[in-house]
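Structure record follows, encoded as structure tokens.
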Amino acid sequence: MIHNPILRKEVLTALRTRKALAMQILFLLGTAVLIWLLWDPRGFQDLAGMEVRRILTVLAIGQLVMVALFSPAFTAAAITSEREHRTLESLLASRMKPWEIALGKMAGSLTFILLLVLSGAPALAAVFLLGGVSGAEVLAVEAILLLTAVYLGMFGLLVSTFMHRSYRAIIVTYAILLVVCLSAVVAWPISDHMILRGGAAWQGVLHTIASLSPLEAMLSVVQPNSTYCVGAQSMPPFWKM
């Protein structure tokens, strides 16, 4: 895949755009602002680990939101841009197979998002200075961020194959991401826990739907005892699903 010409073109083009630079600055600036607002300059000793848990939760959710907002900007226009520039026919007429074209577009569009997520890893590691958070939890948060970038980016690429205009593809992708990310509300405590109502089959369906949400998966890692993370007792936690 390294020798895929589409992959190299997409990565180089993405890294050289002003949009990529702006997103990188916004992502790092947003992460830095969150740390500056949450970090107590006087220092504190949190024996119960509640303050450290709060900082990790806000950082994880904040980065998750930014990843969800930035992913469609690169993937939703991956195929539609070729149609708009009338170069899709040239790609299909080349020696490359359709799956190689799709793989190159996917990997090229997602590479920058993955680099964006990795650039925020030092901020998550900063919570080690306070203690109370294990390395496994921080690695789990970073893994969910990386998986979310791929997961949501694939939605954008899928929509891009059906649309003929980039702006329409981006709008539809954001609408789909909104539904996917907010599917976790079925497990939230609205007039008791909806996910616990009914039989085992009903609980399994709602548990699976909630697991599709990156927000629910992240909450089940950083706040495993929260009322927002109550799932079916016979099924794995949301982040494992």
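The table below gives the values:
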read-out: Members of the range 77-88 found to be open to solvent by less than 50 Å² (accessible area, probe 1.4 Å), touching a residue at least 60 places away in the same chain (Cβ under 8 Å) and in a helix (DSSP H, G or I), listed by number; value: Thr80, Ser81
read-out: Condition broken by Leu139, with the remaining ones in (1) at pLDDT below 85; (2) farther than 17 Å from Gln24 by Cβ; (3) surrounded by fewer than 21 Cβ atoms within 10 Å (Cβ to Cβ) satisfied; value: (1)
read-out: Identity of the residue in the range 152-165, closer than 22 Å to Leu114 by Cβ and open to solvent by 20 Å² or more (accessible area, probe 1.4 Å), that ends up farthest from the chain's Cα centre (by Cα); value: Thr161
read-out: Sole residue being in a helix (DSSP H, G or I), surrounded by 18 or more Cβ atoms within 10 Å (Cβ to Cβ) and touching a residue at least 60 places away in the same chain (Cβ under 8 Å), chosen from Leu91, Leu103, Leu124; value: Leu124
read-out: Set Val117, Val65: member being open to solvent by 60 Å² or more (accessible area, probe 1.4 Å), modelled with pLDDT of 80 or more and within 15 Å of the chain's Cα centre (by Cα); value: Val65
read-out: Selection from the range 227-241 of residues that are open to solvent by less than 40 Å² (accessible area, probe 1.4 Å) and under 21 Å from the mean Cα position of the chain (by Cα); value: Cys229, Phe238
read-out: Of all residues in the range 194-226 being assigned to a helix (DSSP H, G or I) and modelled with pLDDT under 75, the one that is least open to solvent (accessible area, probe 1.4 Å); value: Ile195
read-out: Among the residues listed as Phe70, Phe74, the single one being part of a helix (DSSP H, G or I), under 17 Å from Leu34 (Cβ atoms) and in contact (Cβ under 8 Å) with a residue 24 or more places away in the chain; value: Phe70
read-out: Inter-residue pairs, beta-carbon under 7 Å, first under 13 Å from Ser220 (Cβ atoms) and in the range 49-66, second of a type outside the set (Lys, Arg) and surrounded by fewer than 18 Cβ atoms within 10 Å (Cβ to Cβ), 6+ apart; value: Thr57/Gln223
read-out: Residue identified as surrounded by 12 or more Cβ atoms within 10 Å (Cβ to Cβ) and modelled with pLDDT under 85 among Pro41, Pro72, Pro98; value: Pro72
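The values are calculated or read from the model by the stated rules, or taken from the named source; none is laboratory data. Since we're looking at a predicted model, the values are computed, not measured. Ideal geometry is used to build each Cβ from the backbone, glycine not excepted, and the neighbour counts take in all protein chains shown. Surface accessibility is based on the protein's heavy atoms, side chains included, excluding ligands, DNA and RNA. Shrake-Rupley method; radii C 1.70, N 1.55, O 1.52, S 1.80 Å.
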